[in-house]
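Engineer: Sharing a structure, written as structure tokens. Questions coming.
The values are calculated or read from the model by the stated rules, or taken from the named source; none is laboratory data. Remember, predicted model here, so these are calculated numbers, not experimental data. We place every Cβ from the backbone using ideal geometry, glycine too, and count neighbours over all the protein chains shown. Heads up: the accessible areas ignore ligands, DNA and RNA and are worked out on the full protein's heavy atoms, side chains in. Shrake-Rupley method; radii C 1.70, N 1.55, O 1.52, S 1.80 Å.
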Amino acid sequence: MKAKKENFSEWYTEVLQESGLSDYTKVSGCIVFRPYSFAIWEKLVAEVDKRFKKIGIKNCYFPLLIPKNLLEKEVEHFKGFAPEVAWVTKTGGSDLDEHLAIRPTSEVIMYDSYAKWIRSHRDLPLRLNQWVNVVRWEFKHPTPFLRTREFLFNEGHTVFATKKEAEAESKQILDIYQDVQENYLALPGIRGKKSDKEKFAGAEYSLTFEHILPDKKAIQGPDFHHDGQNFSKMFKIQFLDQNEKMQFAYQNTFAITTRQIGIMVATHGDDKGLVLPPKIAPTQVIIIPIYDNKSKKQVLAKAKEMQEFLSDFRVEIDNREGYTPGWKFHDAELKGIPLRVEIGPRDLANKTVVLARRDTGEKKEIKLNKLGKEVPAKLDAIQKNLFDKAKKFLDESIHEANNMDALKIILNTEKGFVRAGWCGSRACEDDVKDKTGAKITNMPFGLKAKGKCVDCGKPAKFVAHFAKSY
Ligand SMILES: [Zn+2]
């Protein structure tokens with residue numbers, strides 16, 4: 001396998017192929033999620049979905065195909081997606097009278113229904129979500145998980161009577177995303193607000209998580225958009241309030257996508273393969289029995305007994321015939337299985353097993369009767385170590401600049417995020433992009449503007465992160 005440090009992008013595509021997470025197809029930019037990556041996605045979906053339901057969000061399903069006239073109804077929104085829309089123009093041999101878009105996102109088809117369903121303040125809030133695929137025919141270089149033409153995501157579309165209620169939802173949703181990312185994927189992110197230029201097409205503002213990849217380029221994670229009344233006015237999503245007055249509703253949308261799998265792989269993997277955080281790993285513990293003909297029966301019986309004993313965890317036994325234990329160790333490392341348990345005839349006699357951590361490579365012999373204590377302790381330690389390492393890397397990838405020269409130097413040497421003052425003008429944002437190729441990833445929450453705009457030198461209104469990004 002390629003060295004991750006020296007050639008990140010080749011390492012990345014190689015690790016996905018070799019570990020069996022994904023594969024290419026005959027359709028450019030569209031990948032297969034093989035069972036190993038789909039299991040990770042299912043786990044992520046289950047955790048996010050459970051939390052959505054707890055706060056009152058319900059799941060639904062809207063059609064894949066969107067009539068052209070509907071998609072063109074909200075101009076700003078349509079302009080944002082038009083170049084990437086794939087169209088169905090024929091059925092069998094005959095042309096369709098009205099072309100149908102394969103959903104790039106579902107605002108318009110959902111809001112057309114919302115307008116029919118919402119009549120009174122008693123119909124609100126309406127908080128729906130769907131877990132679906134979308135197609136965005138991007139022309140940038142496709143990369144499995146990180147940028148694919150078809151991907152999977154959650155699409156939350158909620159409607160409220162007041163702006164205050166709608167905006168209050170942002171914290172609920174971002175907290176859910178952060179919880180699952182940090183505690184399952186072991187991925188830290190920078191939470192903040194997009195600039196107007198970079199916000200979602202049709203939104204009033206967008207809030208995002210921004211991540212860093214090992215090549216020090218930024219990549220956007222989950223997002224939340226407050227749409228104000230932009231869509232409700234266009235789609236006539238109106239209701240009679242308590243005073244019998246007609247009002248336009250306030251709306252939000254939010255998403256987490258299969259891109260997170262790619263960010264997780266890129267962040268934690270090493271030159272031996274994947275390194276999966278225990279809480280998201282399809283297999284948390286792999287038992288590798290080591291035996292000869294004489295000890296086979298006993299060793300396998302003990303392995304089975306351990307698997308049953310550890311039934312609170314996702315435990316597999318690698319009892320495949322025709323492979324050496326050494327080959328199985330490598331395979332378990334390639335697949336990033338967090339914890340390996342080795343058991344052989346000598347261990348049987350001594351009532352011991354060997355535990356090997358995937359993240360640090362540390363090997364330790366323990367007494368068999370300590371297994372029930374050691375396994376959860378090690379899994380917790382691995383989970384924490386992966387997050388801490390990723391957090392340290394993220395923190396170390398944030399630099400400060402007070403002027404354009406400093407900003408340029410950092411972007412060409414250290415790379416990563418450059419934290420700088422910004423006056424808020426589009427002209428300065430464009431100018432930085434022209435001069436350096438960096439965009440504003442977001443404006444992190446909790447930072448107070450001070451000093452000058454990195455571009456024009458006027459007083460800064462915001463603290464922005466500038467970065468080259470995916
Ligand atoms: Zn400026």
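Engineer: Calculate, for K370 and Y61, the FRET efficiency according to 1/(1 + (r/R0)^6) with r their C-beta to C-beta distance and R0 51 Å; round to the nearest 0.05.
Structural biologist: With a Förster radius of 51 Å, E is 0.60.
Engineer: For region 279-358, state which trypsin sites (Lys or Arg not before Pro) are in a DSSP loop and have at most 15 other beta carbons lying within 10 Å of their beta carbon.
Structural biologist: Counting only loop positions with at most 15 other Cβ atoms within 10 Å, the trypsin sites (Lys or Arg not before Pro) in region 279-358 are K294, R320, K351.
Engineer: Using a 1.4 Å probe, how large is the accessible area of T413, given in Å² and rounded to the nearest 10?
Structural biologist: Number for this one is 90 Å².
Engineer: Cross-link candidates for K373: which lysines have Cα within less than 23 Å, leaving aside residues fewer than 8 places away along the same chain?
Structural biologist: Answer for K373, where 23 Å is the Cα cut-off: K279, K302, K304, K351, K363, K364, K384, listed by chain and number.
Engineer: Leaving out ligands and nucleic acids, note down the accessible area per residue over region 132-192 with a 1.4 angstrom probe, in whole Å².
Structural biologist: 36
Engineer: Let me ask something additional. For n ≥ 4 DSSP H runs only, could you compute -39500 (n - 2.57) per run for the chain, divide by its residues and tell me the 222 nm figure to the nearest 500?
Structural biologist: Dividing the helical sum by the residues of the chain leaves -11000 deg cm²/dmol.
Engineer: Would you list S94, S311, S19 from the most to the least accessible area, probe 1.4 Å?
Structural biologist: In descending accessible area the options line up as S311, S94, S19.
Engineer: Is there a pair in K4/K199; K116/K193; K171/K193; K5/K378; K328/K392; K26/K68 whose C-alpha atoms are over 21 Å apart, and which pairs would that be?
Structural biologist: Among K4/K199; K116/K193; K171/K193; K5/K378; K328/K392; K26/K68, the Cα-Cα distance tops 21 Å for K4/K199; K116/K193; K5/K378; K328/K392; K26/K68.
Engineer: Heads up, I need the accessible area for C423: 1.4 angstrom probe, whole protein in place, Å², nearest 10.
Structural biologist: Here the accessible area works out near 20 Å².
Engineer: Something else about it: Got a number for carbon plus sulfur as a percent of the chain's accessible area, 1.4 Å probe?
Structural biologist: C and S atoms contribute 51 percent here.
Engineer: What list of ³J(HN,Hα) values in whole Hz, one per residue of region 318-324 in order, does the Karplus curve 6.51 cos²θ - 1.76 cosθ + 1.60 (θ = phi - 60°) give from phi, with Gly and Pro shown as x?
Structural biologist: Calculated HN-Hα couplings, in order: 8, 9, 4, 7, x, 10, 6 Hz.
Engineer: What accessible area per residue comes out for region 411-470, rounded to a whole number of Å², with a 1.4 Å probe? List each step's numbers first, then the result.
Structural biologist: On the way: 2970 Å² over 60 residues.
With the other protein chains kept in place, region 411-470 gives 50 Å² per residue.
Engineer: Region 414-470 to region 1-54: how many Å between their Cα centroids?
Structural biologist: Region 414-470 and region 1-54 have Cα centres separated by 32 Å.
Engineer: Can you pull the accessible area of W327 for me, 1.4 Å probe, Å² to the nearest 10?
Structural biologist: 110
Engineer: Given bins 10 angstrom wide, list per bin the percent of all Cα-Cα distances in the chain, short to long.
Structural biologist: Bins of 10 Å from zero give 4, 18, 25, 24, 17, 9, 4, 1, 0 percent of pairs.
Engineer: How many angstrom lie between the C-alpha centres of region 131-202 and region 331-360?
Structural biologist: Cα centroid to Cα centroid, the span is 38 Å.
Engineer: At most 14 other Cβ atoms within 10 Å and a DSSP loop assignment: could you name the trypsin sites (Lys or Arg not before Pro) in region 33-128 that fit?
Structural biologist: Passing both the DSSP loop test and the Cβ count: R119.
Engineer: Then there's this: Taking the chain as the reference, fit the longest principal axis to its C-alpha atoms, fit the long axis of helix 35-54 to the helix C-alpha atoms, and give the angle between the two in degrees, 0 to 90, nearest 10.
Structural biologist: Result, in degrees: 50.
Engineer: Run the numbers for E305 and N319: contour at 0.36 nm per residue of separation, minus the present Cα-Cα distance, in nm.
Structural biologist: 3.7 nm
Engineer: Moving to a separate point now. How far, in degrees from 0 to 90, does helix 371-396 lean away from the longest principal axis of the Cα atoms of the chain, to the nearest 10?
Structural biologist: 40
Engineer: With a 1.4 Å probe and all protein chains left in place, how much accessible area per residue does region 285-381 have, in Å²?
Structural biologist: On the way: 5280 Å² over 97 residues.
Here the residues of region 285-381 average 54 Å² of exposed surface.
Engineer: Then there's this: Which loop chymotrypsin sites (Phe, Trp or Tyr not before Pro) in region 49-122, with loop taken from DSSP, have no more than 16 other Cβ atoms within 10 angstrom of their Cβ?
Structural biologist: Qualifying residues, ordered by number: Y61.
Engineer: In nm, to one decimal, how far is the K351 label point from the A82 one, both placed 7 Å along Cα→Cβ?
Structural biologist: 7.6
Engineer: Let me check against my output: what whole-number percent is the relative contact order of the chain, with C-alpha pairs under 8 Å and at least 6 apart?
Structural biologist: 14
Engineer: Could you state the angle between the C-alpha long axis of helix 107-117 and the longest principal axis of the C-alpha atoms of the chain, as a value from 0 to 90 degrees rounded to the nearest 10?
Structural biologist: For 107-117 against the chain, the angle is about 70 degrees.
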